[in-house]
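The values are calculated or read from the model by the stated rules, or taken from the named source; none is laboratory data. Please read these numbers as outputs of a predicted model, since none were measured by experiment. Here the Cβ positions follow ideal geometry from the backbone for every residue, glycine too, while neighbour counts run over all protein chains shown. Side chains are part of the model used for accessible areas, which takes the heavy atoms of the whole protein and leaves out ligands, DNA and RNA. Shrake-Rupley method; radii C 1.70, N 1.55, O 1.52, S 1.80 Å.
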Amino acid sequence: MSNNKQPKKKGLGHFLKHYFGYVVLSLVCACLVVLLVGYIGQ
Amino acid sequence: MLEYIYNFFADVDIPTIVARCLLALIVAVFYFVAFYYAKKRNLEAIIYVLTTCLVVLFGLSFFDIPNFAFYVYFVLGFCALACILFFGQDVQRDIFRRAWKRWFNKDMVTEEYGHEDISKSVNEIIKACQRLSKTDTGALILICDDISDHILESGTRLNSEVSADLIETLFFPKTPLHDGAVVIMANKVVAAGCYLPLTQQTNLPREFGTRHRAAIGVTEAFPTLTAIVVSEETGIISAVHDGKIQRYLDADQLRKILSYAMRLTDNSQLTSIWGLREDE
């Protein structure tokens, strides 16, 4: 059936909560990349 | 590597810290985009592969491996290329199409066509859909502001006023134009018998035939347009927008959807009609 209910607006907080794991994982990966690139470039 | 990590946090000047932070931020955004689309497309395996590759490379950096720089650049470059190939189209679609949709949504109510003209067209489309539904005649109608010329060229140009009789006639079985889509643009039937790209989704219900798949496919490629589908097997009227499908529509629901599609209602109606996307 069609969705006629007004959905609750989800903001940045919801987005960050939903993807918090991926945000942390991305930051960890970014740190590893910076360390690796810095190490091989020294 | 241990020595490098120790030196990494010692004796660094401000420009170096800024450069490292910027690099980390750019890489983090790249990784997050890749993870985000991997999750959205149920390709979580890519997340594990990317992370594992990086962890293995980092682990190997503690050993004295010849040509280690080559391996690092090769693996990182390969991962970046794979991500661009896998998710490039999704990113392009989300950035450009959605941006156009939000910021440059054209108003169909122009000097040439007022609200009354467009309301009349909406009524005609509803009437046509109901008649087609009663006779179990398959139909696919696209309502759009703009669409690729390739799609229009694949059919026959018409440029005629919207009328229920015309739409019914165009979908009458065994006629040359009945098998494609009718395109309604700027309150005119601009083309009929148009061929559309099919969706590549594999998890659709089996009762969705080529017509539904074409409707989903074209709305994935052009998220601003709305497709109305009448099933040939069941006569069910469905509407598709931005890859989302709503089925079993009655006249009121169809009117609401068409009014939004033809810009009789403003963008605030979007969520009440189609709900929020998973990512919103």
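Some points to look at:
- Overall Cα dimensions of the range B:2-97, principal axis frame, Å, largest first: 46, 32, 19
- The calculated FRET efficiency for the pair B:Thr265 and B:Ile14, based on their C-beta separation and a Förster distance of 45 Å, comes to about 0.25.
- Take the Cα radius of gyration of the protein assembly as shown and divide it by 2.2 N^0.38 Å, N being the number of residues; the result is 1.29.
- Rounded tilt (10° steps) of B:14-40 against the dominant C-alpha axis of chain B: 40 degrees
- Dimensionless Rg/Rh of chain B - Kirkwood Rh, Rg from C-alpha atoms: 1.15
- The spacing between the range B:5-72 and the range A:10-42, judged by their C-alpha centroids, is 9 Å.
- Basic side chains Lys and Arg get +1 at the Cβ, acidic Asp and Glu get -1 at the Cβ, and with that the dipole of the protein assembly as shown about its Cα centre reaches some 680 debye.
- Gaussian network model of chain B, springs between alpha carbon atoms under 10 Å - residue of B:Tyr31, B:Tyr71, B:Tyr260 with greatest fluctuation: B:Tyr71
- For B:Thr156 and B:Ala82, a Förster radius of 45 Å and the Cβ-Cβ distance give a FRET efficiency of 0.60, rounded to the nearest 0.05.
- If R0 equals 22 Å, the separation of the Cβ atoms of B:Cys53 and B:Asn203 corresponds to a calculated FRET efficiency of about 0.20.
- Apportionment of accessible area to carbon and sulfur, chain B, percent (1.4 Å): 60 percent
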